[in-house]
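Q: Following this message is one structure expressed as structure tokens.
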Amino acid sequence: MNKYELKDSHKKTIKEICESFGNKHGELINILHRTQEHFGYLPEEIQYEIALNLDMPLAKIYGVVSFYSFFTMTPKGKHPISICMGTACFVRGAEDIVQALEEELKIKVGQVTEDGKFSLDCLRCIGACGLAPVILIGEDVHGRLTPDMIPGILKKYE
Ligand code: FES
């Protein structure tokens, strides 16, 4: 089997997304956004399919996906957790928050829990520095965190 083999239904979806943007190279970011919204992430086989549809080198698509932090190549949990590692959060203890989350969830940054509920990622400043250190769980912002607050916060998403 080809390393990049995808289900036909997935190929069809990607084709439709690319067509909805006129297969234009200038729409690549929008196409990637829409595709990530649909599949949750952009693994290599999906990038390859987009490359075929747009008649564009895979390396170019990979370059864009890896440059922008809002694109991800790994699957996310039902409740994706993003830890801000911007300067304000970093100096106010973001590393301790990472450690508390990793211990509580028993996963490392970049991984998903076995039950698929949570995933952990790091972000650059999300513009809520006054609340540092900050994490996002889905769309929810949690700020002024200390490691001992983590178990209680996670419980709300169980
Ligand atoms: S540095 Fe974390 S919100 Fe700005």
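The values are calculated or read from the model by the stated rules, or taken from the named source; none is laboratory data. What you see is a predicted model; the values in this text were computed from it and never measured. So basically every Cβ, Gly included, is an ideal-geometry build from the backbone, and we count neighbours across all protein chains shown.
Q: Select from the range 34-44 the residues that are at pLDDT below 95 and assigned to a helix (DSSP H, G or I) and write down the one among them that is surrounded by the fewest Cβ atoms within 10 Å (Cβ to Cβ).
A: Result: 37.
Q: Collect the residues in the range 115-147 that are within 11 Å of the ligand (Cβ to nearest atom) and part of a strand (DSSP E or B), keeping them in residue-number order.
A: 122, 123, 135, 136, 141
Q: Looking only at the range 86-106, which residues are surrounded by 19 or more Cβ atoms within 10 Å (Cβ to Cβ) and farther than 14 Å from residue 147 by Cβ?
A: Within the range 86-106, just 86 meets the criteria.
Q: Against the definition (surrounded by fewer than 16 Cβ atoms within 10 Å (Cβ to Cβ) and either in the same structural domain as residue 38 (by TED's automatic domain parsing) or aliphatic (A, V, I, L, M) (or both)), how does residue 127 come out, yes or no? Break it down into steps so the answer makes sense when it comes.
A: On the way: surrounded by fewer than 16 Cβ atoms within 10 Å (Cβ to Cβ): yes; either in the same structural domain as residue 38 (by TED's automatic domain parsing) or aliphatic (A, V, I, L, M) (or both): no.
Taking the combined requirement at face value, the residue does not satisfy it.
Q: Then there is this: I'd like the residue in the range 107-124 that is free of Cβ contacts under 8 Å to residues at least 24 places away in the same chain and surrounded by fewer than 17 Cβ atoms within 10 Å (Cβ to Cβ) and, out of all such residues, is nearest to residue 158 (Cα to Cα).
A: Once the filter is applied, the top-ranked residue is 115.
Q: Answer with yes or no whether residue 152 is on the phi > 0 side of the Ramachandran plot and not in a strand (DSSP E or B).
A: Considered against the rule, which asks whether it is on the phi > 0 side of the Ramachandran plot and not in a strand (DSSP E or B), residue 152 comes out as no.
Q: Still on this model: How many residues does the range 74-108 hold that are farther than 25 Å from residue 37 by Cβ, away from the ligand (no atom under 14 Å from the Cβ) and part of a loop (DSSP other than H, G, I, E, B)?
A: Residues flagged as farther than 25 Å from residue 37 by Cβ, away from the ligand (no atom under 14 Å from the Cβ) and part of a loop (DSSP other than H, G, I, E, B) within the range 74-108 amount to 2.
Q: Regarding the range 47-68, can at least one residue be identified that is within 30 Å of residue 145 (Cα to Cα), more than 19 Å from the chain's Cα centre (by Cα) and modelled with pLDDT of 95 or more?
A: no
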